[in-house]
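Here is the structure we will look at, set down as structure tokens.
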Amino acid sequence: MTSPPTRPPAAPIAAPVPALQGLTADEARRRLAASGPNAIEDRERTGLAALLRGIATEPMFLLLLVAAGLYLALGDLGEGLLLALFAVATVGLTLFQERRSARALDALRELTVPQVRVIRDGQVQRIPARDLVPGDLFLLDEGERIAADGVLRDAVGISADESLLTGESVPVRKQPLPGTQRPEATAPGGDDTALVFASTLVVAGHGVAEAVATGRQTAVGRIGVSLAEIATEATPLQRQLGRLVRLFGGAALVSCVALATWWGLTRGEWMQGLLSAIALGMAMLPEEFPMVLAVFLALGAWRLARLKVLARRPAVVEALGAATVLCVDKTGTLTENRMQLQRLVTDDADVSALPGAALPEAVHRLAEFALLASQPGGLDPMDRAVLTLGERGLAGTEHLHPQWQLAREYPLTPGLLAMAQAWTAEDGQRRLAAKGAPEAIFDLCHLPAERREALMARVRTLATEGLRVLAVAEGRPDGRSEHAGDGLPADAHGAGFVLLGLLGFADPLRAGVPEAVAQARGAGIAVAMITGDHAATALAIAAQAGLDTQAGALSGAEIAALDDAALDAAVKRVRVFARVSPEQKLRLVQALKRGGETVAMTGDGVNDAPALKAAHVGIAMGVRGTDVAREAAGLVLLDEDFGHIVAGVRMGRRIFDNLRKAMVYIAAIHVPVAGLALLPLLFGLPPLLLPAHVVLTEMIIDPACSLAFEGAPEDPRVMRRPPRQADRGLLDGGLLLEGLLQGAALLAATLAVYMLALHAGRSTDTGRTLAVVALTAGNLLLVATNVAAGLGWRVLLQASARPLWAVSAGATLAVGGALLWAPLRGLLHFAVPSAADLGAALAAVLLAVLAGSLLARRVTAARGG
């Protein structure tokens, strides 16, 4: 079977020919073993030593060590060793939580390993960038990060942003150096050099480079610059929690000093006062807030990755569930990005181009120049659809030209939405073929207004059928504006083009899109389509997908004519935007934000980066997306399916709900722990909670937060309620009030148990035992009530509640062991209470927690929380 015309050997995206064989797989393996991976040390990973240093500086850990030292100084070896054991357990628990989060992030990093296209064994292959070796031929394209230092062997219009190395933001031109020559060493920066540098960005053109240095041997590796070394700024929520922890830490310090001083001066028991002060300080420190946030966001990002939504910055998980508008591209997101050429239209014919349909002679020239205007081996789905004509419709005809050589490319530009290719025939004559947006091709052909309008009416008719329409033209150099040396015009306008006809492409709607759009709209989320397609095509696809099309479509030309106020009004009504340039996406995002919307925006190109960065949630395409788009976005859609964006919103809402529940619980449990450490002393009663009791409670709090709440199921109504208000943060007054009311109820119950036990003549150790058992039971009940909040108690019987039952079982065994094993009972100053006393204490706590939770939710509901 005859094949379509091929490019000259050095064409960067043609099927490789013998001159571009590249390395063999065996040679690449040998060089990888010799040179090492193409990677710079990842500074984001935290080693065990760094983790241990971080734990050693935690206030809770330091207070534990001080308490253990005091007991040992007093000669109480048993209690000192018990607290030391608790300190070791604290280290182990923290390491478990940190490594759990780290494993989730490691799994995400595996998904984000940069890829590079190389030529090996004569074939283009996509490999991890870390496997690139010196001598490899690798392909460069607009929007890609360069994977290694190299020499440009072939290029079409390449320029690179080398500001990472030079500090200069102006892109520099690159010129290829064919063959095997090596240029003299040149520093980054400066125009018309053949060297390209790792980690810099291709901002225009495409080409082929030969790798000359990888990993730490590159310019970026030698100076130790790595994107991983750039400090990540704390999010507003992380700063808010940091301020809260510092506030409570300061209050705890003042309270500890005051309590120790007061107890020592009034009772003369300085050591007991110091131990009680340490217990109070440990009880008041809300150290769980930042830990829970880190765990939830890391594991939330891992859960999103399972839905094919990759969170490059885990903090974006918080914003995802609040999105009120999803701005999505049509091609590849709502549709399958599986273009199929369906129609060939000329002045004399309108024929089907579906497989199996014979192409009449009337459209052969249109098909011929459509082939010549397409890139063999390219990634564009419409080019691939056109190239199938060479395998079927035109096979065996004189309209295929396998011997023609590509002389020059005229790439698509913002000013001309068409691309052209110049070919050299066997007789030396030049032929130009152009393909692109109908308006652009009509402009190239200099059509009169009436002819242009008649053709645009035909384009609109095809577009209403849901077809994407391109026009094709044939051209020859007309002698004007010739490029020095090759007899070709400097730009496509310098050739005389003649219109040949129109191509109609169909891109089927993804199967699950209508259901996902309906689900999004049911959740109060508007879905807007922003596309470069014709308005009629966009409206046809939007109607199939279930988008709101009542206000029609707003075109890029109309957007350009609107001032900001008019655009702000338009985006409140219109949900389909057509013929939109990437630069106009930024205006649309800004207009939506001015209207109070929380915007999620998809994008894939270099010029989409500003809009992705401006959106509250930027979503880059994982397959089509350029490196610069992925770097600007907070999320990467790995398979580009709109349904997974909606699933990500659903997961984001679940994560946010569970995180709020965990925050309520943390605020609640610290009230009784701190109160029981302080109030008995103020009331003139014997100390109730000692440092060991506080640590025992903390051993329940931490796993409850990171296991029970993180794994809690979603609210069945999660996608039947509107998005939360943008100004409603994770930690607000209503949340704190709810937690404080729940905690106050548990504090009142446990303190009453202690005081009534002492009043009834029970020993101090018996009263303490009843109070600690009641506190532990109340702690677990707080976990259960907050996990079940809004879901019903039946949720506690589901498989998702297993972590809660595991934590409850561990806590029950720990407290039961402390009561039944005499040595441990003595160290904790416990006694064995009667069954009646124990039953009464548990009943009091059960009633108090249930009543407190009910009261707290009613109060916060009345406040609008």
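The values are calculated or read from the model by the stated rules, or taken from the named source; none is laboratory data. Note that the coordinates shown come from a computational prediction; the quantities given were computed from them, not determined experimentally. With ideal geometry, Cβ positions are generated from the backbone for all residues, glycine too; neighbour counts draw on all protein chains shown. Note: accessible area is taken over every heavy atom of the protein model, side chains too, but ligands, DNA and RNA are not part of it. Shrake-Rupley method; radii C 1.70, N 1.55, O 1.52, S 1.80 Å.
For Ala551 and Arg476 in one chain, what is 0.36 nm times their gap in residues minus the Cα-Cα distance, to one decimal in nm?
Computed gain between Ala551 and Arg476 is 22.6 nm.
Along the Cα-to-C-beta direction of Ala511, a point sits 7 Å from the Cα; which residues of the range 313-340 have their amide N less than 14 Å from that point?
Output list for this probe position: 336.
Between Ala425 and Arg521, with labels modelled 7 Å along Cα→Cβ, what's the label distance in nm to one decimal, could you check?
5.4 nm
Can you give the accessible area per residue of the range 551-701, in Å², using a 1.4 Å probe?
For the range 551-701, the per-residue accessible area is 29 Å².
Counting only heavy atoms of the protein chains, get the accessible area per residue of the range 716-865 (1.4 Å probe) and round it to a whole Å² value.
On a per-residue basis, the range 716-865 sits at 48 Å².
Would you kindly find the accessible area of Phe248, with a 1.4 Å probe and non-protein molecules such as ligands, DNA and RNA excluded, rounding to the nearest 10 Å²?
Looks like 80 Å² after rounding.
In the full protein assembly as shown, how much of His616 is accessible to a 1.4 Å probe, in Å² to the nearest 10?
80 Å²
Multiplying the sequence separation of Ala34 and Gln403 by 0.36 nm and subtracting their Cα-Cα distance, what value in nm do you get?
128.7 nm
Using a probe of 1.4 angstrom, how much of the accessible area of the range 727-865 is carbon and sulfur, in percent?
On the range 727-865, the fraction of accessible area on carbon and sulfur atoms equals 70 percent.
Ignoring ligands and nucleic acids, what accessible area does Tyr410 show with a 1.4 Å probe (Å², nearest 10)?
Accessible surface of Tyr410 is approximately 20 Å².
Under the Karplus relation 6.51 cos²θ - 1.76 cosθ + 1.60, θ = phi - 60°, what is the ordered set of whole-Hz ³J(HN,Hα) values for the range 576-590, x standing for Gly and Pro?
For the range 576-590, the Karplus-derived couplings read 10, 10, 10, 6, 8, 7, x, 5, 6, 4, 4, 4, 5, 4, 5 Hz, x marking Gly and Pro.
List residues of the range 538-564, by number, whose backbone nitrogen lies under 19 Å from a label position 7 Å along Cα→C-beta of Lys572.
Counting backbone N atoms under 19 Å from the label point, the list is 548-554, 559, 562-564.
Keeping every protein chain in place, order Glu453, Glu210 by accessible area at 1.4 Å, biggest value first, i.e. largest first.
Glu453, Glu210
For a Förster distance of 45 Å, can you work out the FRET efficiency between the beta-carbons of Leu253 and Leu846, rounded to the nearest 0.05?
Result of the calculation: an efficiency of 0.80.
Which percent of the accessible heavy-atom area of the range 578-722 goes to carbon and sulfur, probe 1.4 angstrom?
Roughly 60 percent, rounded to a whole number.
Tell me, what ³J(HN,Hα) does each residue in the range 638-644 have, in order and in whole Hz, if you take phi through Karplus 6.51 cos²θ - 1.76 cosθ + 1.60 with θ = phi - 60° and put x for Gly and Pro?
Rounded to whole hertz, the list is 5, 10, 6, 9, 4, x, 6.
Take Glu738, Glu439, Glu288, Glu558 and sort them by solvent-accessible surface of the protein heavy atoms, 1.4 Å probe, largest at the top.
Glu558, Glu439, Glu738, Glu288
With θ taken as phi - 60° and the coefficients 6.51, -1.76 and 1.60, list the Karplus ³J(HN,Hα) couplings across the range 695-711 in order, rounded to whole Hz; mark glycine and proline as x.
For the range 695-711, the Karplus curve yields 5, 4, 5, 4, 5, 8, 4, 4, x, 4, 5, 7, 10, 5, 6, 5, x Hz.
With 30 Å as the limit, write out which pairs from Lys435/Lys613; Lys330/Lys435; Lys585/Lys661; Lys308/Lys435; Lys174/Lys330 have Cα-Cα distances beyond it, or answer none.
As for pairs spanning more than 30 Å Cα to Cα, those are Lys435/Lys613; Lys585/Lys661; Lys308/Lys435; Lys174/Lys330.
For Val212, list long-range residues whose amide hydrogen, built 1.01 Å from N in the peptide plane, is under 5 Å from its own amide hydrogen.
Those qualifying (amide H under 5 Å, at least 5 residues apart or on another chain) are Gly135, Asp149, Gly150, Val151.
As an exercise, use a Förster radius of 45 Å and the Cβ-Cβ distance of Val203 and Gln725 to find the FRET efficiency, rounded to the nearest 0.05.
It comes out at approximately 0.70.
Amide H to amide H under 5 Å from Thr193: which residues, 5+ apart in sequence or cross-chain, H placed 1.01 Å off N in plane?
So Thr193 has HN proximity to Gln175.
Provide the gained length on full extension for the span Glu269 to Leu244, in nm with one decimal, where the gain is 0.36 nm per separating residue minus the Cα-Cα distance.
5.7 nm
Taking all protein chains together and a probe of 1.4 Å, list Lys330, Lys572, Lys593 from the most accessible to the least accessible.
Lys572, Lys593, Lys330
Taking R0 as 56 Å, what's the FRET efficiency between Met456 and Arg594 from their Cβ-Cβ distance, rounded to 0.05?
After rounding, the FRET efficiency stands at 0.95.
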